[in-house]
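One structure below.
The values are calculated or read from the model by the stated rules, or taken from the named source; none is laboratory data. Note that the structure is a prediction, hence the values are computed from the model and not measured. Note that we place each Cβ from the backbone using ideal geometry, even for glycine, and neighbour counts take in every protein chain shown.
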Amino acid sequence: MNAIVHPASVLRGSIQPPSSKNYTTRYLLASALAEGTSRVRFPARSDDADAMMRCLEALGARLTWENETVLRIEGFGGRPRNPGRLDPGNAGAVARLLMGIGALLDRVEFVTQHSESLGRRPHGDLLAALEQLGAQCRSAEGGRLPIVIEGGRLHGGRVRVSGANSSQFLSSLLFLAPLVGEPVEIEVVEGLKSKPLIETTLAVLRQAGIVLEASHDLMHFRVPSPQHYAPRNYEVNGDWPGAAAILAAAAVTDSDVTVNRLFADEQGERAIVEVLRQMGAAVEWTEPQVHLRGNGRLAAVEFDGDRATDAVLAMAAAACLAHGRSRFYNVANLRIKESDRISEPLAELRKLGVESREWPDAFEITGSPNGFEGGVELDAHNDHRVVMLLTIVGLRCRRPITIRHAHHVAKSYPAFFEDLKRLGANIELHA
């Protein structure tokens, strides 16, 4: 699908953001690992959420919708059914969370049809950690899919895992550890990216009745085992990363926009409120509403991107229209997402005339407060965050832009274009 984004000087109104992708996948997994009935209220309705639901059903969970907002899950406990093969689609977090659970099976293969995206992402650090617990793993070069995990005979003890590239490997181990049968001690080495996502994992585990010890710096964990996940009723908050894109769009236009269902949970992307306020937007967060009045006049910002990994590209979109040079640092892990979220989006932005520089772990954008000429065709590189970035900048182009492969926005925010149109944007979608 292609999206044609027309200039939009004014955005007005109120929207409901999607539900949190990261909380949804974790609540679904915790529910499936429980024996008994759990319910998840307001789960995300996105490609990633669908991938987790599909894989959990393949592993033996029973999922039924009680109504439009409540999903009922009959869990399989610590004894998943072996499907032989699991395909998480293009959902990297789903693949990694489930690789830990896959180690409970005698043999399972993880595959994907998305060779250009998930197929490029490395998982070797997680596989090395699973082998320390007794699993045997085989993968394509560099720890990439397809991956075969032979487990079923795990043991406890001390395991070391690198956090240099992703926090998802640690999250996977934390979900697995209570089910190993013996106590597990986890040591994180080489630093830890995206700590707010580990706080999210820990919050969900504790809600599910799991007892564990975590050091203050999140580099050491002790998990008693065996433990049992308890069935629970969960409610998913709004998605701060998706909301960040809407708020950035409001900040670069003449706007009066309210985004609802945004609570103070562990999502690091709520930093978007602080960043846009620093840039000069009038932002008020009175839980659970964020209200933004924008006039398109923004100043440059400097930001540690590891605090809010999934909001960096939304912030970068605002930086494209700000006065001065913005810098985003500590973002090396953006290069191993659905796309290289530094080089590839910056290349597309240069087609619009955006000035930028990049380093292995940082990038700078020199903004143009008067906007850009537009009239070009851009590629989303199969990445939902890049779709959002290009759309936001497109609102401030003097001529329409075309975004190829814009359907990838459904990975996390299927209603993104409809919500922007509801606020007054003019966007055409073509198959």
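One residue stands out among those in the stretch 12-33 that are surrounded by fewer than 24 Cβ atoms within 10 Å (Cβ to Cβ) and in contact with a Lys or Arg (Cβ under 7 Å, 6 or more places away or on another chain): the one that is farthest from Pro80 (Cα to Cα), which is Gly13. Can you find a residue that is at pLDDT 95 or above, surrounded by fewer than 24 Cβ atoms within 10 Å (Cβ to Cβ), outside any strand (DSSP E or B) and in contact with a Phe, Trp or Tyr (Cβ under 8 Å, 6 or more places away or on another chain) anywhere in the stretch 355-364? The answer is yes; a qualifying residue exists. One residue stands out among those in the stretch 29-43 that are within 17 Å of Leu98 (Cβ to Cβ) and among the small types (Gly, Ala, Ser): the one that is nearest to the chain's Cα centre (by Cα), which is Ala30. Annotation for the stretch 32-43: no member residue is at pLDDT 95 or above, farther than 20 Å from Leu205 by Cα and either touching an Asp or Glu at 6+ places or on another chain (Cβ under 9 Å) or not assigned by TED's automatic domain parsing to the domain that holds Gly371 (or both). Once the stretch 40-94 is narrowed to residues that are touching a residue at least 60 places away in the same chain (Cβ under 8 Å), farther than 21 Å from Ser115 by Cα and aliphatic (A, V, I, L, M), the residue that is surrounded by the most Cβ atoms within 10 Å (Cβ to Cβ) is Ala44.
Residues in the stretch 201-209 include at least one that is hydroxyl-bearing (Ser, Thr, Tyr), touching a helix residue (DSSP H, G or I) at 6+ places or on another chain (Cβ under 9 Å) and crowded, with 22+ Cβ neighbours inside 10 Å. Please specify each residue of the stretch 334-354 satisfying the condition of being surrounded by fewer than 20 Cβ atoms within 10 Å (Cβ to Cβ) and in contact (Cβ under 8 Å) with a residue 60 or more places away in the chain. Ile336, the sole residue that qualifies. The selection criterion, being part of a loop (DSSP other than H, G, I, E, B), at negative phi and at pLDDT 95 or above, holds for Ile210. Only one of the listed residues (Glu190, Glu182, Glu269) is acidic (Asp, Glu) and assigned to a strand (DSSP E or B). That residue is Glu190. With respect to the conditions (1) surrounded by 19 or more Cβ atoms within 10 Å (Cβ to Cβ); (2) farther than 30 Å from Ala314 by Cα; (3) not hydrophobic (A, V, I, L, M, F, W, C), Asp239 lacks only one, and its number is (2).
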